[in-house]
Amino acid sequence: MAERTSRPGARLRARALVVRRLLAGAPRPRSVRARATLGASAVVAVALGAVSFALLGLLHGNLERSAQADAERQAVATAGMAAGGRLDPVLAAGRGTDFLQVVDAGGRVLAASPNLAGRPALSGVRPARPGTVRDTWNGRPVREEHRQRVVQVTTATASGLVTVYAGTSLRQADTAGDMITAALAVMVPLLVLTVALVTWRVTGWALRPVEAIRAEVAEINERDLHRRVPVPPSQDEVARLAVTVNATLDRLEAAGIRQRQFIADASHELRSPITVLRTQLEVAQAHPDPALWGELVSGALEDTVRLQDLAADLLLLARLDTAEPAPAAPVDLTAVAREAARPRGGDRVPVGVELAPGVTVRGSTLWLSRLVRNLLDNAQRHAARRVSLSLRVDEERDLAVLEVSDDGPGIAEADRERVFERFTRLDDARSRDEGGSGLGLAIARDIATGLGGSLSVHAAPDGGARLVATLPRTARGSSGGSWAEPGPDRGEGRPVP
């Protein structure tokens with residue numbers, strides 16, 4: 001049998017293998033611009049390669065089918081002549097046919113076209129029954145440099161089986177394939193290079209605002225938080241990124257301002273009792289009169305307690321500001337509120353209690369106790385004759401609602417958010433003996449928000465202030481974690497049961 005070949009397909013497969021090896025061994029680019037360019041170029045190269053392969057296959061298939069159809073018509077016509085006994089020794093090849101040969105069952109050439117005159121049988125294989133065989137030869141049997149498409153038709157005659165060989169050259173198909181392959185070998189790299197260049201330029205243009213944002217952020221330090229990154233006018237993802245970065249810088253700047261203000265206020269609050277304590281000690285040292293020591297020691301102890309309370313408040317605020325997870329153990333808020341109000345029955349302003357039974361929330365006993373105590377301390381400081389503590393359940397929102405109200409002067413609507421700022425004292429509460437340190441309500445709100453709730457100020461029905469804390473309820477008996485808060489005396493952690 002003649003050797004088969006498919007040169008254009010083999011060339012494309014070899015080139016694809018080379019490209020895959022080159023891509024496998026190439027280093028991966030690090031920049032987004034380079035990766036985008038490489039990805040777009042690879043996709044276009046693969047797509048063009050697939051299209052080129054399909055185009056070459058379609059072209060070769062059409063040309064070969066056309067050549068085969070001409071040869072088959074000639075072979076069938078010649079076979080009919082042989083079956084009818086009208087076969088001439090010299091056969092004329094028709095349109096689209098290069099050669100003809102008729103061979104009997106014994107291998108003797110009965111007829112042939114002029115270009116095969118005197119030649120032996122083209123194939124040594126003798127068919128055993130009638131039929132048609134289509135094959136592609138590489139040209140050697142008929143001494144052609146191009147491939148031939150050969151149709152072999154075997155038919156029965158009076159003297160036995162006769163085989164007709166009709167062949168046509170595939171030079172046109174091979175020439176067209178070579179020309180298209182050469183054209184694609186030039187055009188495909190040019191197209192890929194064009195796509196790579198366009199992608200590189202477009203990606204660079206698209207990423208230019210990102211690079212500007214990166215350069216600006218790289219130059220911002222803790223002293224330059226007022227600076228902002230440029231926002232491109234494109235209103236796309238990059239513009240939204242710039243807006244988000246600027247919003248983050250706004251929050252960082254505000255946090256820095258709050259931190260510096262907090263440090264300044266804390267320093268001021270700590271300096272006053274320390275100064276008073278030092279003055280008392282200096283007086284005691286300068287006037288060693290035992291009659292004055294009791295009053296001096298009492299004043300020094302009072303300032304020391306105040307310093308201790310202030311340090312505990314600052315430490316709790318620092319812990320509330322950290323990213324530690326909030327305590328999540330189930331706590332009986334009813335019991336916590338009752339325990340916080342019990343020792344205040346004999347105070348100057350007594351506390352009236354109205355508590356719903358069995359109200360359970362997630363949190364920490366120490367945190368919730370501190371929340372209730374701070375609200376009661378604030379109310380008693382400003383109340384005239386009455387402070388009320390109530391706890392109820394909001395069934396619709398599944399919240400525990402804790403309210404502390406007083407009959408004092410109340411809080412103006414413009415100051416109802418400012419009272420929760422740290423070290424804030426309103427004009428009627430600037431006395432340190434009555435106004436506290438200015439951290440109680442700030443700590444109370446931080447605790448409420450840390451536990452997933454809220455704390456707000458409203459006007460009481462009798463004109464005083466009404467502080468309302470809401471906390472998410474939880475089912476009694478659910479599992480939870482534990483939390484440790486520094487003790488009021490030595491800062492030691494005490495686990496919450």
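Every read-out reported here was derived from the displayed coordinates using simple, explicitly stated rules and does not represent laboratory data. All of these numbers come straight from a predicted model, not from anything done at the bench. So basically every Cβ, Gly included, is an ideal-geometry build from the backbone, and we count neighbours across all protein chains shown.
The base-10 log of I(q)/I(0) for segment 331-422, evaluated at q = 0.11, 0.15 Å⁻¹, reads -0.33, -0.61 [Debye formula, identical scatterers on Cα atoms, solvent excluded].
Amide H contacts under 5 Å for Thr360: Leu333, Thr474, restricted to partners 5 or more places along the chain or on a different chain, H placed in the peptide plane at 1.01 Å from N.
What trypsin sites (Lys or Arg not before Pro) does segment 41-99 have in DSSP loop regions with at most 10 other beta carbons within 10 Å? Could you put the intermediate results ahead of the total?
Numbers: sites: Arg65, Arg73, Arg86, Arg95; in loops: Arg86, Arg95.
Passing sites in segment 41-99 are Arg86, Arg95.
In this structure, the amide hydrogen of Thr157, modeled 1.01 Å from its nitrogen in the peptide plane, lies closer than 5 angstrom to those of Val162, counting only residues at least 5 positions away or on a different chain. Each residue of segment 173-179 was assigned a 3J(HN,Hα) from its phi angle through the Karplus expression (A = 6.51, B = -1.76, C = 1.60, θ = phi - 60°), giving 5, 5, 5, 4, x, 5, 5 Hz with x at Gly and Pro. For Asp98, the amide hydrogen comes within under 5 Å of the amide hydrogens of Gly167, Thr168, Ser169, counting only partners 5 or more places away or on other chains and with H modelled in the peptide plane. For segment 255-341, the fraction of C-alpha pairs farther apart than 15 angstrom is 73 percent. Among the trypsin sites (Lys or Arg not before Pro) within segment 154-237, which fall in a DSSP loop and have no more than 14 other Cβ atoms within 10 Å of their own Cβ? Listed in order of number, the matching sites are Arg223, Arg227.
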